[in-house]
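Working notes, structure below.
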Amino acid sequence: MWLLPALLLLCFSGCLSLTGPDSVTGTVGGSLRVWCQYESTYKGYNKYWCRGQYDTSCESIVETKGEEKVERNGHVSIRDHPEALAFTVTMQNLNEDDAGSYWCKIQTVWILDSWSRDPSALVRVYVSPATKTPRRTTRPATTPIFLVVNPGRNLSTREVLTKNSGFRLSSLHFLLVVLLKLPLLLSMLGAIFWVNRPQRAPAGR
């Protein structure tokens, strides 16, 4: 009678000794990080990341080796942080096949049987398609240039700029003539006509 409650208590304490996020989400081509927290009792044990529907039959992907350095297997890496009582798992270059059920686990049992199990925490990984944003290209505003080119002759860039500058200077000169010189000329002509106007003789003479 006492065996079943003892096993339940062992399982319950093992589940509470390791915690992690219920789920994490990444995008195709991106990366994600899982943070798993453990008790100080398991500070010197190896930690590992496995995949499968059940923790007792999941397939180990990558695990620590008792050192505070990154261990890598393909695009998945793991690192233990004893000072923070946690270890992190990083999955890079994600694809849709990476979605599924994973487990944060601590290796405490060397010979697995039906009565023993490692502390574990279930983490569900979701991978969403990458969103593409259309690029917008803008063209700088340009001023149209009208040139009279002799047939059979190619103009260099310098000649084009010189001719374009000449056209602009001539246009500016024409505007100055119209706005400034023409009123002055009309005023002078009006003054000359006023001075040379015919004089009328006084009445009664």
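The values are calculated or read from the model by the stated rules, or taken from the named source; none is laboratory data. None of these values were measured; they are calculated from a predicted model. Virtual Cβ from ideal backbone geometry, glycine too; neighbours counted across all protein chains shown. In case anyone asks, the SASA skips ligands and DNA or RNA and just uses the protein heavy atoms, side chains included. Shrake-Rupley method; radii C 1.70, N 1.55, O 1.52, S 1.80 Å.
Listed values, structure above:
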| item | result |
| --- | --- |
| Out of Glu39, Glu67, sole residue that is within 15 Å of Ile106 (Cα to Cα), out of contact with any Phe, Trp or Tyr (no Cβ under 8 Å at 6 or more places or on another chain) and modelled with pLDDT under 95 | Glu67 |
| Given (1) part of a loop (DSSP other than H, G, I, E, B); (2) among the polar types (S, T, N, Q); (3) closer than 16 Å to Thr19 by Cα, number of the condition Ser57 does not satisfy | (3) |
| Hits in segment 40-59 - residues which are surrounded by 14 or more Cβ atoms within 10 Å (Cβ to Cβ), touching a Gly at 6+ places or on another chain (Cβ under 7 Å) and of a type in the set (D, E, K, R) | Arg51 |
| Any hit, segment 96-103, residues being surrounded by 17 or more Cβ atoms within 10 Å (Cβ to Cβ), modelled with pLDDT of 95 or more, among the charged types (D, E, K, R) and within 26 Å of the chain's Cα centre (by Cα) | yes |
| Residue match in segment 60-70 (condition: at negative phi, surrounded by 14 or more Cβ atoms within 10 Å (Cβ to Cβ) and not in a strand (DSSP E or B)) | yes |
| Subset of segment 45-87 [without any contact (Cβ under 8 Å) to a residue 24 or more places away in the chain, over 32 Å from the mean Cα position of the chain (by Cα) and farther than 20 Å from Val123 by Cα] | Lys65, Gly66, Glu67, Glu83 |
| Leading residue by the ranking (nearest to Tyr102 (Cα to Cα)) among those in segment 77-89 that are open to solvent by 10 Å² or more (accessible area, probe 1.4 Å) and of a type in the set (A, V, I, L, M, F, W, C) | Leu85 |
